[in-house]
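Student: Provided herewith is a single structure, encoded as structure tokens, for subsequent inquiry.
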Amino acid sequence: MVRRADARRNHTLLVLAAREVFAEQGSGAPLEAVARRAGVGNATMYRHFATRHDLVIAVYADETAALCATRLAADPHDALFAWLRRLVAYLATKRDIALALTDPDRPDSTLFDRWHRTVLGTLTGLLDAARNTVRPDLTATDLLLLAAGIAVTDARRHDRLLDLVRNGARLPPR
């Protein structure tokens, strides 16, 4: 579907306005403030972003792409857990995304599902590369949920909790 030029412009204005408003007030800021800053009506905003999660995901799309493109270590085990550490740091600054990951009743959202598939795909690739160093029953979904849970805790506990996950994920000695 090709969007009209004014629709593309409004989409861009909404994402830029949301980025500014969220930076000032957090992602729980009133969506009306985003529409006002973009210079569009609420109906226009909701045509582009049906839910708050959709708007939040759109605002953080560039950051998510950069996160998923990051490779931090040559050793697959180290790369997996270095990336998981970055994911926790990322989710800690986007608390509503972390909470949405653990909410079984979250509303359907195409943009959130796309975000979820992208992050899960990256995590799956890293996990597959490290497969000979981690428990065989460990899944990318397990790690994503653990990262989300860690991200919403006190930041001073992140390192300890990540170390516990890393140690618990290791293959047991033979």
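Student: To the nearest 20 debye, what charge dipole does the chain have about its Cα centre, counting +1 at the Cβ of each Lys and Arg and -1 at the Cβ of each Asp and Glu? Before the final figure, lay out the partial values.
Tutor: Numbers: 25 positive and 20 negative charges, 50 e Å.
Result for the chain is approximately 240 debye, rounded to the nearest 20.
Student: Here's another thing I want to ask about it. Counting alpha carbon pairs within less than 8 Å and at least 6 residues apart, what relative contact order, in whole percent, applies to the stretch 10-57? Mind dumping the intermediate values first?
Tutor: Working: 34 pairs, mean separation 19.8, N = 48.
Value for the stretch 10-57: 41 percent.
Student: Restricting attention to the stretch 33-80, which trypsin sites (Lys or Arg not before Pro) occupy a DSSP loop and are surrounded by at most 14 other Cβ atoms within 10 Å?
Tutor: Sparse-neighbourhood loop trypsin sites (Lys or Arg not before Pro): ARG71.
Student: Could you list the square roots of 5 times each eigenvalue of the Cα gyration tensor of the chain, that is, the equivalent ellipsoid semi-axes, sorted largest first and rounded to whole Å?
Tutor: 35, 16, 13
Student: How would the stretch 94-174 be classified by its alpha-carbon gyration tensor: rounded, prolate or oblate, with rounded meaning a/c under 1.5 and the a/b versus b/c comparison settling the rest?
Tutor: Oblate shape, in that a/c is at least 1.5 and b/c is the bigger or equal ratio.
Only the coordinates and a few stated rules stand behind these numbers; no lab work does. Just so it is clear, the model here is predicted, and its values are computed rather than measured. Heads up, the Cβs are rebuilt from the backbone with ideal geometry, glycines too, and the neighbour counts pull from every protein chain shown.
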